[in-house]
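Asks: Before anything else, here's the structure in question.
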Amino acid sequence: MKKIILLSVIVFSIVSAQGEHPTGSKKAEHPTATITPQVVQGEKITLQNLAQAIESFVEADINLRGAFLVIDPSTNEVLKLNLEKVHKERLSHIGDDVYFACADFNADNGKVYDLDIFLRGKNTDELTVTEISVHKEDGIARYDWQEENGIWVKIYN
């Protein structure tokens, strides 16, 4: 089983039910915790403006390059994607100014991709995307998440 350490963060406010997303269990589909508003300067980070930040990031990429482009590491194919939905129920504050989101995209190759998106920032003025991973292709997961000593790692299927 190949493990890659993603982020070394302290997970906040984890509940203890097992499900599709980590909720305190040792293995789950996504790392998660509850959103805790961060107030510094600018607007505090909420579920709504976290989703808006992702939508704005995708829109800016489309305006810059003509499409939202992501390289699929399994095929080395450049995916041209259209945002279908940001899963607001899966937006999470997972550590010091680190947030997680899951979003569905339709590709020009006819497939649907679920991307895991990580963002960092103290407030909405500083919020930036730091990592994008292809989690699912047409509903088939490529990896799950497992917590090991407070660190979430990807467990590849």
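The values are calculated or read from the model by the stated rules, or taken from the named source; none is laboratory data. Please read all numbers here as calculations on a predicted model, not as lab measurements. Keep in mind that these areas ignore ligands, DNA and RNA; they rest on the heavy atoms of the full protein, side chains included. Shrake-Rupley method; radii C 1.70, N 1.55, O 1.52, S 1.80 Å.
Asks: Along the three principal axes, how long is segment 66-109 when you take its alpha carbons, biggest first, rounded to the nearest angstrom?
Replies: The principal-axis extents, from largest down, are 34, 20, 19 Å.
Asks: Take the alpha-carbon positions of segment 81-157, form their convex hull, and give its projected area averaged over all directions (one quarter of the hull surface) in nm². Intermediate values should be presented prior to the final figure.
Replies: Numbers: hull surface 23.1 nm².
Directional mean of the projected Cα hull area for segment 81-157 stands at 5.8 nm².
Asks: Can you compute 3J(HN,Hα) from phi for each residue in segment 142-157, using the Karplus curve 6.51 cos²θ - 1.76 cosθ + 1.60 with θ = phi - 60°, rounded to whole Hz and x for Gly and Pro?
Replies: Rounded to whole hertz, the list is 8, 7, 10, 10, 9, 8, 10, 6, x, 10, 8, 10, 7, 10, 7, 7.
Asks: Let me ask another. Rolling a 1.4 angstrom probe over the protein heavy atoms, how many square angstrom per residue are accessible across segment 66-155?
Replies: Values: 3820 Å² over 90 residues.
So segment 66-155 comes to 42 Å² accessible per residue, rounded to a whole number.
Asks: State, as an integer percentage, the relative contact order of segment 72-157 based on alpha-carbon contacts under 8 Å between residues 6 or more apart.
Replies: 18
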